[in-house]
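Okay, so here's the structure we're looking at.
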There are 2 protein chains.
Amino acid sequence: METLKRRIVTEGKVIGSNILKVDSFLNHQIDASLLDEIGSEFSSKFQNERITKILTVEASGIAVACMTARHLGVPVVFAKKTEAANQDAEVFQSEVYSFTRQKTYKIRVSRKYLSAGDRVLIVDDFLAAGRAVNGLIDIVEQAGASLAGVGIVIEKGFQQGGKDLRARGVRLESLAIVDAMIDGKIVFRT
Amino acid sequence: METLKRRIVTEGKVIGSNILKVDSFLNHQIDASLLDEIGSEFSSKFQNERITKILTVEASGIAVACMTARHLGVPVVFAKKTEAANQDAEVFQSEVYSFTRQKTYKIRVSRKYLSAGDRVLIVDDFLAAGRAVNGLIDIVEQAGASLAGVGIVIEKGFQQGGKDLRARGVRLESLAIVDAMIDGKIVFRT
């Protein structure tokens, strides 16, 4: 997606060889019109997949999911990361290790909002090692739902997550794949 | 907003006299088309306010903010609740006590994304005691930005938050105000 790649190049901040900050348009400040284009793009790619639900994890995934849901005309469910006092007892649950936060956290989805009849599109802002997406796939499987695919805004192609998902036969659509970050320069997969 | 009130009545779960769960359409599962109507409603109400930025706090506020931003054509900034390894050192910061989670947390916005020239609309899913909104107003003031108003999806009118904001002269637009929850029945302010 060319608009997205242009924004990554002009606004992304590369820190070392691993960290790419795009918080001017994706995960702190959000450019709603870019997100709407992203949602439209995912919608086109998965329009023949009979999606019934979009699954993501709080917080940054919510914007991507909502904008995609608008185009596909289906509800979003976002997995919650923390245990709240008024949370349902009946949940699907998985564990995710976050490299950014350097800790393991639980993600949970109420059993009410995912069922065997669902055909699920998972979306998220970033894919690196793939821990969050794998946790979400685990939840889809616990629900007995079927996985239509995974839509990622920015995949770090030099990490293992995308490779592993494709090897497992998961349909993965990444709108921008960064293959390397060398001396502050971003190299996209073409 | 009648569509919203109807959904609250048909799908809301009242627990005791204080907890209203609307996680089938607002804060766990999200009905994107209802959220789009909500965004359009906030956009109409604040369209003459020369809004330059929509401010909310993760996680449930993000969906409301993005759908409003789409209609107003301005960016969203969402305050972050936890300290991440790759967070900017330069932030506006405030403290918020959460009754739901029974703890105090920090909310932070990078100084890059809010400035004295901004005219800010704060939006959130719920307003009860008003702690989150007051934390966001604190951040707007720290930035020297001007506050255009506050847009809330569901206000608990029997708690102090809305009353206090109106008394301070803040323009508060709540799309549904619940004045009481008695024996599981929801009483709206008319």
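Readers should treat all values here as calculations from the given coordinates under stated rules, not as data from a laboratory. Note that this is a predicted model, so its numbers are computed, not measured. In this analysis, Cβ positions are derived from the backbone assuming ideal geometry, glycine residues included, and neighbour counts consider all displayed protein chains.
How many nanometers, to one decimal and shortest first, lie between the label point of B:Lys163 and those of its other copies, if labels sit 7 Å from Cα toward Cβ? Its label point is 6.2 nm from the equivalent points in the other copies. Rounded to the nearest 20 debye, the dipole magnitude of the protein assembly as shown is 320 debye, with +1 charges on Lys and Arg beta carbons, -1 on Asp and Glu beta carbons, and the Cα centre as origin. With its label point put 7 Å out from Cα toward Cβ, B:Ile15 sits 3.7 nm from the same residue's point in the other copies, in order from shortest. Here the simple spin-label model places points 7 Å from the Cα toward Cβ, and for A:Arg166 and B:Lys185 these points are separated by 6.1 nm. Taking 0.36 nm per residue of sequence separation and removing the Cα-Cα distance, the A:Gln102/A:Glu141 pair yields an extension gain of 11.4 nm. In this Cβ point-charge picture (+1 for Lys and Arg, -1 for Asp and Glu), region A:1-101 has a dipole of about 260 debye about its Cα centre.
Selection among A:Leu34, A:Val170, A:Leu4 by position relative to the dipole of chain A gives A:Val170 as farthest towards the positive end (Cβ unit charges, Cα centre). Beta bridges assigned by DSSP with both partners in chain B are antiparallel in approximately 45 percent of cases.
Consider a paramagnetic label point 7 Å from the Cα of A:Ala89 along Cα→Cβ; state which residues of region B:11-42 have an amide N under 18 Å from it. Label zone hits: B:13-16, B:21. Label-point spacing at B:Ser40 relative to the other copies reads 1.8 nm, in ascending order, each point sitting 7 Å out from Cα along Cα→Cβ.
Once the Cα atoms of helix A:32-45 and of chain A are each reduced to a long axis, what angle between those two axes, in degrees from 0 to 90 to the nearest 10, is obtained? Taking Cα atoms only, the helix is inclined about 70 degrees. Sorting the segments A:162-170, B:158-166, A:149-157 by their mean number of nearby beta carbons within 10 angstrom, highest to lowest, gives A:149-157, B:158-166, A:162-170. Mean partner shielding of peptide B:23-35, defined as the number of other chain Cβ atoms within 10 Å of each residue Cβ, is 6. Between the helical axis of B:61-72 and the longest alpha-carbon principal axis of chain B there is an angle of about 80 degrees.
In terms of other Cβ atoms within 10 Å, A:Lys81, B:Lys112 run from fewest to most in the order B:Lys112, A:Lys81. Can you check what the net charge comes to around A:Glu95, using other residues whose Cβ is under 10 Å from the Cβ of A:Glu95 (Lys, Arg +1; Asp, Glu -1)? Around A:Glu95, the charge tally is +1. Rounded to whole Å, give me the distance from the Cα center of region B:103-130 to that of region A:105-166. Centre-to-centre (Cα) distance: 30 Å. Compared with the direct C-alpha span, the chain from A:Arg111 to A:Ser44 gains 21.3 nm at full extension, assuming 0.36 nm per residue. Please tell me which of these pairs span more than 23 angstrom C-alpha to C-alpha: A:Lys81/B:Lys80; A:Lys53/B:Lys45; A:Lys53/A:Lys81; A:Lys80/B:Lys21; B:Lys21/B:Lys185; A:Lys106/B:Lys185? Too far apart for the 23 Å limit: A:Lys53/B:Lys45; A:Lys106/B:Lys185.
Given in Å, the Rg to one decimal and the Dmax to the nearest whole number for the Cα atoms of region A:58-174 are 13.7, 40.
On a 0 to 90 degree scale, rounded to 10, what angle separates helix A:131-142 from the longest Cα axis of chain A? In chain A, helix A:131-142 runs at an angle near 20 degrees to the longest axis. Proximity of backbone amide H atoms, modeled 1.01 Å from N, is registered between B:Glu58 and B:Ala79, B:Lys81 at under 5 Å, excluding neighbours fewer than 5 places apart on the same chain.
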